[in-house]
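The values are calculated or read from the model by the stated rules, or taken from the named source; none is laboratory data. As the structure is a computational prediction, the values presented were derived from the model and not from experiment. Cβ coordinates were reconstructed from backbone atoms using ideal geometry, including for glycine residues, and neighbour counts include every protein chain displayed.
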Amino acid sequence: MPTVRTRFAPSPTGPMHLGNARTALYSWAFARRHGGALVLRIEDTDRARYTPEAEALVLETLRWLGIDWDEGPHHQSQRRERHQQVVEELLAKGHAYRCTASKDELERSREAAIAAGESWVYRSPHRDAQLGPDCGEHVVRLKVPEVGRLEWDDAVFGPSGQEASDIPDMVIRRSDGTPLYNLAVVVDDMDMQITHVIRGADHHSNTPLQLALYQALDAAPPEFAHVPLIVNESGKKLSKRRDKVSVQAFREEGYLADAVRNWLVRLGWSHGDDEIFSQDDIARLFDLEHVGRASARADTAKLTWLNQHYLKSLPIEALFEAVQPSLEAIAEGPVPRSAALDRLLDLCRERSKVLTDFAPQARWWLRDDIELDAKAAKKHLRPVVREPLSKLRGELEGLDPWTEAGLEAAFERVLSACGDLPLGKLAQPVRVAVTGGTTSPGIFETLEVLGPDRTRARLAGALEWIAARADSA
Ligand code: GLU
C-alpha cells in the first residue's frame, strides 16, 4: 500500500460541528496509525458563506482536540487555475461539453420525464455538439458514461455504487466560470495524492459522480470510507436549533479535550468493550473495519462520565489553568495558585462533572463577603448552637498547626463538652457559618483550606448573627 494520505476538508462557515470534528479525528487517527500524513484543506470556494473567523475557529478547535496536520492548510480558492485547467482538459478530450440549455429547458426536460413516469436523468441536447467557447452563456457538464456501473467498495458501507445511466451529466463549471464542489474535490484529492477519503455519509451519494470524474481523468480513485451521521439521543439528526452541535459549545460548558476526543472516537467506532481511549490509544488502535454503519447516538451522559474520568486524573497545574479565569471572575481580582487552592480544587473534583462546576463551589473561599443562604441560616444558626459554636471558637483560637487532624480533635473536645453532641449538629452550623450554605467538602477539609484567620472571623460573624436574631425575636 502506498503511504497513507488522508485529508480533512472542511468548509468553514461557523463553529465546528461534531460530525466534522469526528471526521477530522478519524482522518487523523487513520493517518497516524499507518504512519501516513494528514492534509488540511480549507474548502473556501463558497465565498458567500466562508469567513476567516470560521476558519480560525476550525484550526483552533483542531488544535484543542490535539489533531495535528502534516500539510496545509491549503485553500481551495487558491487552486482555481488548476481547476480551470482540468475543466479545459476534460473539454479537449471530449469528456465534458458546453451546455447552453436554459433553466426553462431544464424544467421542461424534468416535466417530460415525470410525465413519462421516468426518473429524470439529464442528458443535454448539446452533449455531442462540441460547442465552442463562444457559444454564449453556458455551463460545462461532465459526459457521464451511458453504460456501466460506477462502484466502489466502501470501507464502512461495503460494496456501493450506481448505474452510470442513473447519473445525470453534472455541471462541473458554472456559467460564471467557477468550478463546482465535485470537480474541485476530485482534482484536489487527486493532486494531493490522497489515498483514503474519510468523510460523512452525507457524501456517499456524491461518490458515483466523483468516480465518473476519476474515470474521465484517467486517475485511480482513493479508498472511500463514509462515516454514519451523528444523531441526538432520540435518534434524530442533530439540529442546530435543538441540540448542542458544535465542539465549541461543549468546550465552553467545561468539557475537557481528552473527554470530547474520547467521546467522538466512540461515536461510530469500537474496540471490543473498551471505553477509555487516550490520544495515543486512538492513534495506535483506530481502524476503519470497526466503524459501524448505524447512526451514532450523541449520548451526553457518556460524555459527562468520560469527563469525570479525565477530571480525576487531570494534573493540578492543568486544572488550575483551566479554571483560573472563572475563579477570577468570581473573585473579581487575580487568583494566584497556592497550596490551599490546589487542595480545594482537588476536593471539588469529586463533586464536579465539568470545569464550570468548580468556581461556584469555591465562592466561599474566593470571597470574604459570603452571603448567608437564608433558609440554611434559619435552620442551622439557631440559639442552641451558640454554646457549641463559642466553645469551638475558643478551641480554635490557639490551634497550631492548623490541620485536618487538629481540627477534628478540636471538634471532638467541643462535642463531648456539650454532652456528646452528634457531629452533624455542630458541623452543619459551622459549614453555614463559613461557606454561607449547606454544601461544601468535609467540614475539617473546608476549615483547613479556609485557614485560621478567616475561619475565626466567620465563626465570630455567625455568632453575632445569632445574637442579633435572638435580640430581635
Ligand atoms: N467540504 C466538504 C464538507 O465540508 C467536504 C467534502 C469531502 O470531504 O469530500 O462537507
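Note on segment 31-83: residues that are of a type in the set (Phe, Trp, Tyr) and free of Cβ contacts under 8 Å to residues at least 40 places away in the same chain amount to 1. Going by what's in this entry, would Val39 be described as in contact with a Gly (Cβ under 8 Å, 6 or more places away or on another chain), more than 16 Å from the ligand (Cβ to nearest atom) and closer than 18 Å to Val227 by Cβ? So Val39 does not fit the description; no. Could you please let me know if Lys236 is within 16 Å of the ligand (Cβ to nearest atom) and basic (Lys, Arg)? Taking the combined requirement at face value, the residue does not satisfy it. Cβ separations smaller than 6 Å between residues 6+ apart or across chains give the following pairs from segment 183-197 residues that are over 24 Å from Val140 (Cβ atoms) to residues that are among the β-branched types (Val, Ile, Thr) and within 12 Å of the ligand (Cβ to nearest atom): His196/Thr6. Only one entry in Leu57, Leu62, Leu38 is closer than 22 Å to Ala257 by Cβ and in contact with a strand residue (DSSP E or B) (Cβ under 6 Å, 6 or more places away or on another chain), namely Leu38. Scanning segment 194-209 for residues that are in a helix (DSSP H, G or I) and more than 8 Å from the ligand (Cβ to nearest atom) turns up Ala201, His204, Ser205, Thr207, Pro208, Leu209.
Checked against the criterion of being surrounded by 13 or more Cβ atoms within 10 Å (Cβ to Cβ), in a helix (DSSP H, G or I), at pLDDT 95 or above and of a type in the set (Lys, Arg), segment 286-301 contains not a single residue that satisfies it. Scanning segment 266-285 for residues that are assigned to a helix (DSSP H, G or I) and among the β-branched types (Val, Ile, Thr) yields a single hit, Ile282.
Only a single item in (1) on the phi > 0 side of the Ramachandran plot; (2) within 43 Å of the chain's Cα centre (by Cα) is not met by Arg431, and it is number (1).
Residue-wise test of (1) within 21 Å of Gln361 (Cβ to Cβ); (2) surrounded by 16 or more Cβ atoms within 10 Å (Cβ to Cβ); (3) in contact with a Ser or Thr (Cβ under 7 Å, 6 or more places away or on another chain).
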site	(1), (2), (3)
Thr438	yes, no, no
Pro441	yes, yes, no
Glu445	yes, yes, no
Gly451	yes, no, no
Leu463	no, yes, yes
Arg469	no, no, no
Ser472	no, no, no
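Do we have any residue at all in segment 248-265 that's touching a residue at least 24 places away in the same chain (Cβ under 8 Å), within 16 Å of the ligand (Cβ to nearest atom) and either among the β-branched types (Val, Ile, Thr) or crowded, with 17+ Cβ neighbours inside 10 Å (or both)? No, the conditions are met nowhere in segment 248-265. Based on what the data block shows, is Leu150 part of a helix (DSSP H, G or I) and not aromatic (Phe, Trp, Tyr)? No: the conditions fail for Leu150. Only one of the listed residues (Val140, Val144, Val185, Val197) is surrounded by 13 or more Cβ atoms within 10 Å (Cβ to Cβ), farther than 22 Å from Glu43 by Cβ, of a type in the set (A, V, I, L, M, F, W, C) and touching a helix residue (DSSP H, G or I) at 6+ places or on another chain (Cβ under 8 Å). That residue is Val144. The residues on offer are Ser11, Ser27, and the sole one that is buried (at least 22 other Cβ atoms within 10 Å of the Cβ) and within 12 Å of the ligand (Cβ to nearest atom) is Ser27. Name the residue that is nearest to the chain's Cα centre (by Cα), counting only residues in segment 42-68 that are of a type in the set (A, V, I, L, M) and away from the ligand (no atom under 16 Å from the Cβ). Residue satisfying both the conditions and the ranking: Leu65. Could you please find all residues in segment 14-30 being at pLDDT 90 or above, in contact with a helix residue (DSSP H, G or I) (Cβ under 9 Å, 6 or more places away or on another chain) and either among the β-branched types (Val, Ile, Thr) or not in a strand (DSSP E or B) (or both)? Pro15, Met16, Leu18, Gly19, Asn20, Ala21, Arg22, Ala24, Leu25, Tyr26, Trp28, Ala29 - these are the residues of segment 14-30 that are at pLDDT 90 or above, in contact with a helix residue (DSSP H, G or I) (Cβ under 9 Å, 6 or more places away or on another chain) and either among the β-branched types (Val, Ile, Thr) or not in a strand (DSSP E or B) (or both). Those helices (runs of 4 or more DSSP H) of segment 362-468 in which 2 or more residues are free of Cβ contacts under 8 Å to residues at least 24 places away in the same chain and of a type in the set (S, T, N, Q) are absent. The requirement of being surrounded by 17 or more Cβ atoms within 10 Å (Cβ to Cβ) and among the β-branched types (Val, Ile, Thr) is satisfied by Val86.
For segment 165-182, give me the residue count where each residue is surrounded by 23 or more Cβ atoms within 10 Å (Cβ to Cβ) and within 16 Å of the ligand (Cβ to nearest atom). Within segment 165-182, residues that are surrounded by 23 or more Cβ atoms within 10 Å (Cβ to Cβ) and within 16 Å of the ligand (Cβ to nearest atom) number 2.
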